[in-house]
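Laboratory data are not the source of any read-out in this text; all were calculated from the coordinates shown. The model shown is predicted, which means the values in this text are computed figures rather than measured ones. Positions of Cβ are backbone-derived with ideal geometry, glycine not excepted, and every protein chain shown enters the neighbour counts.
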Amino acid sequence: MTPVPRVGLPVLERMPAGVPLAPFVRLTTLWIQITGTWCNLECVHCINASGPRDPWLAPLDGDTIRRAIGEAEALGVKDIYFTGGEPFLHPEILPLLASALEVAPTSVLTNGTRINARIADALAKLAVDAPYSLEIRVSLDDVDPDLNDRVRGRRAWARAVRAIRLLDARGLLPIVTATEIVSAESPDDTRMYDRFRDFLRSLGLEKPRVKIMPVFPVGRLAGRSTERLAEDDLAGFDRGTLQCAETRVVAAGGVYACPILAGLPGARLSTGDLAASFRPAPLYHPACVTCHRTGMSCRNY
Amino acid sequence: MSETPGPEYRRIAVFGGVYNNALALEAMLADARRRDVEAVFCLGDMGGFGPHPDRVFPLLREGGVLAIQGNYDESVSAGKADCGCGYTDPRDNHFARISYEYTFTRTSSDNRAWLGALPRHRRVRLGPHRVLMCHGSPRVINEFLWESTTPDGLLRRFLGEQAAEVLLCTHTGIKWHRPLPGDGHAVNVGVIGRPENDGSTNVWYTVLTAEPDLRVEFVPVHYDFDTLARQIEQEGLPPEFAETVRTGWWTTCLENLPTRERARGKF
């Protein structure tokens, strides 16, 4: 599996024979893996094994990000997401959010731990000044502090809840994002949603917003499943509905097909510009099974 | 895409999202006639949310309304399992399922066939302006084009690909108009099926006039909302639907609202 090191051209990995492909339909969503896998938490279920020590995927510099945003604008992108790692560890996060918001509605996925009153004020100003919506997604895996912190680390619950309150008080209506790591319920089951909404209302939020994500067998949970998609699994299924059909991710090393697999060589579609990544994506990873099975999207809604 | 432009007009009325609201439809058509429009267009979604689905079809036909298909119309006519509204939250989907099952089982086969024969897009000329009409977006029937989440770059791309200067859409339930650099315009014409989450009970449609510059007027429609709310209750539909009609605040299908639009509402 040696990538061809030619900048600006697609990198064709040697895949096992028979790996099904998802078509490239359009660029709807640009994800920016701004801090790579650099994070101040070390959650047990992290999809890209982020953490504070020796991130295996490097953060991006501001110029690379601004270039990607400009390219995406010219290609008619609909929305932009920042993720990591923890995006608020990046020294340029606020000006980069401002740059993205000049082009498209922008979301940032955060663990909330770095959001203090000063950052919340700055985000509120960005949201008011921008032509498009700014969405802040704060991760919380359980409404119970102990259960949450068993997954996300000591004091993660308290700091996330502080961020939720600070953002809501400024009218930013955070989307609280939970993974089904604690609960075994399915995304169609409303009990998990109801529990989170009730909890957020108890904090005083009048418009609680919740997104539930499935657990993926990748990152720290890699090895939970070795199941892979085959052509037969996709018979009669519209592959254009998969998120990799209309999503691209800019991360260290190139452009990838999906935010779950950003940084993995098998998901890399280009080592150069965004347009060069507009080709079918191999559905090679066990995480692709989860996407296919659940119909999930990493987008807000 | 380059296609023969459709018929030419000077002044048209355009609405979306009837959602079984025959009372608002009747009031809107009467209002449009008084405004001297040459044609009336509907951007789809005849069903959903309200009572007595079959009551809207005679009004549409007798009013000479030129309609296109919305996601609801596509689903009802094709006998699909759900409305294809594009919701992702389970609470939103719960209410969408109730509306769809109610509407699907009460839409006659003749009306389903009529919905199935509607085109997905229409093109007209409004004076010098080439106009493309769609339900959600030109590319996806149930794509949500909210004011706060639709970038200029995407709109320019749509207009370029469609060889049009004016894009008309609906689907979200909240109207907006954005002039673009050059001669471009994007207009979400709103819906007449339910109020637009601003605490007012009226609904909205749009009148477009070539003067020859494009003039876009959003027109409020006041109708007998109290009767509609009572009919919703008599039909055993969720009380949340009647509450929205009576208060002007959305109580369901809220979770896909972007933060800016959500912040303006009550819930």
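Details
- Computed helical MRE - 222 nm, chain B, DSSP H runs ≥ 4 contributing -39500 (n - 2.57), nearest 500: -9500 deg cm²/dmol
- Cα gyration tensor shape for segment A:21-294, rounded if a/c is under 1.5, else prolate or oblate: oblate
- Put simply, the amide H of B:LEU126, placed in the peptide plane, has neighbours under 5 Å in B:TYR9, B:VAL131, leaving out anything fewer than 5 places away on its chain.
- Note on chain A: GNM, Cα springs under 10 Å; of A:ASP232, A:ASP149, A:ASP79, the largest mean-square fluctuation is that of A:ASP232.
- Cut-off 18 Å, label 7 Å out along Cα→Cβ of B:GLU101, residues of segment B:12-55 by amide N: B:48-53
- For trypsin sites (Lys or Arg not before Pro), the sites in segment A:24-130 that DSSP calls loop and that have at most 16 other Cβ atoms within 10 Å are A:ARG53, A:ARG114.
- Exposure proxy shown here: for B:VAL207, A:VAL255, B:VAL166, the number of other Cβ atoms within 10 Å sets the order, fewest to most, as B:VAL207, B:VAL166, A:VAL255.
- Legend: calculated FRET efficiency, A:SER225 to A:ALA117, from the Cβ-Cβ distance at R0 = 45 Å, rounded to 0.05, equals 0.60.
- Share antiparallel - DSSP beta bridges, chain A, percent rounded to 5: 20
- Shape of segment B:182-267, Cα gyration tensor, a/c cut at 1.5: oblate
- Within the listed set A:GLY236, A:GLY266, A:GLY219, the Gaussian network model of chain A (springs between alpha-carbon atoms below 10 Å) gives the highest mean-square fluctuation for A:GLY236.
- Counting Cβ atoms of other protein chains within 10 Å of each residue's Cβ and taking the mean over peptide B:144-154 gives 6.
- Computed from the C-beta positions of B:GLU233 and B:ARG10, the FRET efficiency with R₀ = 45 Å rounds to 0.55.
- Over chain A: helical MRE at 222 nm, DSSP H runs n ≥ 4 each giving -39500 (n - 2.57), nearest 500: -8000 deg cm²/dmol
- Karplus-based coupling profile of segment A:27-43, in residue order and whole Hz: 8, 8, 10, 10, 9, 10, 7, 5, 9, x, 10, 8, 9, 8, 10, 9, 5, with θ = phi - 60° in 6.51 cos²θ - 1.76 cosθ + 1.60 and x standing for Gly or Pro.
- Simple Cβ-charge dipole of the protein assembly as shown, Lys/Arg +1 and Asp/Glu -1, about Cα centre, in debye nearest 20: 880
- Segment A:227-269: GluC sites (Glu not before Pro) in DSSP loop, at most 15 other beta carbons within 10 Å: A:GLU227
- Overall shape of chain B was characterised from the C-alpha gyration tensor. The equivalent ellipsoid obtained from it has semi-axes of 27, 20, 18 Å, in decreasing order.
- Among B:GLU243, B:GLU62, B:GLU211, the largest mean-square fluctuation in a Gaussian network model of chain B (Cα springs under 10 Å) belongs to B:GLU62.
- A:VAL215 versus B:ASP54: modelled label distance in nm, points set 7 Å from Cα along the beta carbon direction: 5.2
- Sites A:ASP232 and A:ARG191 - FRET efficiency at Förster radius 30 Å, r taken between beta-carbons, to 0.05: 0.30
- DSSP-defined antiparallel bridges as percent of all bridges, the protein assembly as shown, nearest 5: 40
- Anisotropy class of segment B:67-121 from Cα gyration tensor, a/c 1.5 cut: oblate
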